[in-house]
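Taking it in order: structure first as structure tokens, then the write-up.
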Amino acid sequence: MRNFKNANVEQLLLKLLGAEKTARLFATLNHPRVLDEWESGSVTRAELAQAMNMALFGDLLARSQNGRRYTEETVAGGGGVYFDHGALRTVRWPHSGALPPGEAAFARILGPLGFRINGRYPLDRLGMTGRAWAHEDAPDEIAQFFVSELHPERFSAAFQQAVTNVIGASRDPLTPRASGLLWELERDGVLPLDAAHELLPVIVGAFARQHDMPREADYEVLLKESAEMAWIATEGNAFNHATDRVADVFKLSDDEKAKGRPMKPKVEHSRSGRVFQTAYRADIVQREFRAADGSVVTRDVPGSFYEFITRKRSFDQDARRWETDLRFDAGNAQGIFRMTASQAA
């Protein structure tokens with residue numbers, strides 16, 4: 001893995017995160033080759049996308065002790081992380097306050113940054129639909145997004161009311177100014193560095209919880225029918241997981257189990273036989289709820305987790321190069337999603 005710094009990405013992250021976190025992220029994550037060249041003061045969509053992805057990866061590590069320990073050990077051993085994708089959960093529901101419903105809240109960010117839908121995956125057992133978003137400029141090297149939408153209409157009336165109670169007054173993190181800058185980025189493919197500095201914290205902040213503290217009674221209703229919606233109630237649109245692409249996920253799984261790490265019991269196989277995934281179980285976090293008497297109570301709930309993926313490659317005879325299979329698999333995804341379901345409490 002090349003350790004390389006694009007000056008524009010570095011400047012964006014230095015202002016957002018500070019020198020120490022920026023240096024750690026550059027030392028940890030793969031560097032897309034499309035960023036080998038840059039123009040000082042003019043930020044491309046790929047550079048802004050990479051800066052956002054790196055910041056979101058750092059945020060995930062801050063919330064996942066297991067992921068943080070794995071990453072620190074990997075870097076200390078001379079390795080690094082090939083950031084394959086980040087996953088987030090949304091709710092496609094008309095009663096979501098100022099926040100656009102479901103995936104629409106993120107399509108308006110991902111599209112201008114150069115991401116395009118690269119596959120649709122029905123997650124029917126979970127009452128959800130997943131879509132992969134890959135970057136047009138470097139689909140194999142800039143981390144993808146796996147965005148899932150939950151469909152409350154597939155659940156009970158009581159569940160639907162609880163969803164409305166939880167997210168019905170959600171805030172919209174995108175300011176009119178940020179929306180205007182995204183429009184300019186989509187039109188031109190670049191932004192001045194000052195404008196990119198202004199936009200980056202806003203779009204990073206969109207990957208968070210946009211609603212207030214949930215009521216415990218609503219959480220209980222949601223938990224009975226959908227561990228995924230219960231997770232959204234406490235975590236919102238934060239990264240559900242981030243994923244390291246590794247050469248041999250089976251060996252990694254065995255090695256991590258031997259260390260006593262909380263690994264998924266078995267590796268998920270795609271129907272194509274080309275994509276293999278496993279994960280740590282979700283880290284347990286403490287979240288506050290509004291009790292029936294109006295007081296605030298704290299409960300242990302599943303937070304985010306860290307995933308591993310191996311993708312097979314094939315030789316493209318027309319392009320004369322090796323191509324990585326960037327697809328996902330609905331069965332794999334539903335199996336991985338159980339990493340937060342099994343510990344819901």
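Quick one: plug the Kirkwood hydrodynamic radius of the stretch 52-210 (C-alpha pairs) into Stokes-Einstein at 25 °C, 0.890 mPa s, and report D in µm²/s.
Numbers: Rh = 17.3 Å.
Diffusion coefficient, whole number: 142 µm²/s.
Where does the Debye-calculated log10 I(q)/I(0) of the chain sit at q = 0.09 Å⁻¹, using only Cα point scatterers of equal weight, no solvent?
Log-scaled intensity ratios, in q order: -0.47.
With a 10 Å cut-off between alpha carbons and a GNM built on the chain, which of Arg311, Arg187, Arg89 moves the most?
Result for the chain, Cα springs under 10 Å: Arg187 fluctuates most.
Between Ala196, Ala319, Ala162, which gets the highest mean-square fluctuation from a Gaussian network model of the chain, Cα cutoff 10 Å?
Ala319
Counting Lys +1, Arg +1, Asp -1, Glu -1, what net charge surrounds Leu181 among other residues with beta carbon under 11 Å of its beta carbon? Kindly include the intermediate steps, with their values, before the conclusion.
Values: positive: Arg177, Arg187; negative: Glu184, Glu186, Asp188, Asp194, Glu198.
Value of the local net charge: -3.
List the lysines whose Cα sits under 23 Å from the Cα of Lys266, skipping any in the same chain fewer than 8 residues away.
Once the sequence-local lysines are set aside, what remains near Lys266 is Lys251, Lys257, Lys312.
Could you tally the net charge around Ser156, taking each other residue with its Cβ under 11 Å from the Cβ of Ser156, Lys/Arg +1 and Asp/Glu -1?
On the way: positive: Arg154, Lys224; negative: Glu153, Glu225.
Result for the local shell: 0.
For Thr278, what charge total do you get from the other residues with a beta carbon under 9 Å from its beta carbon, if Lys and Arg give +1 and Asp and Glu give -1? Walk me through the numbers on the way to the answer.
On the way: positive: Lys264, Lys266; negative: Glu256, Glu268, Glu307.
With Lys, Arg at +1 and Asp, Glu at -1, the net is -1.
Select from Gly294, Gly79, Gly205 the residue whose mean-square fluctuation is largest in a Gaussian network model of the chain (Cα-Cα springs shorter than 10 Å).
Top of the fluctuation ranking is Gly294.
Which value, in debye to the nearest 20, describes the size of the charge dipole of the chain about its Cα centre when Lys and Arg Cβ atoms bear +1, Asp and Glu Cβ atoms bear -1, and nothing else is charged? Numbers along the way, then the final one.
Details: 44 positive and 47 negative charges, 159 e Å.
Once rounded to the nearest 20, the dipole reads 760 debye.
Every number in this text was worked out from the coordinates using simple rules, so none of it is lab data. Just so you know, these numbers come straight off a predicted model, no measurement behind them. Reconstructed Cβ throughout: ideal geometry from the backbone, glycine too, with neighbour counts over all protein chains shown.
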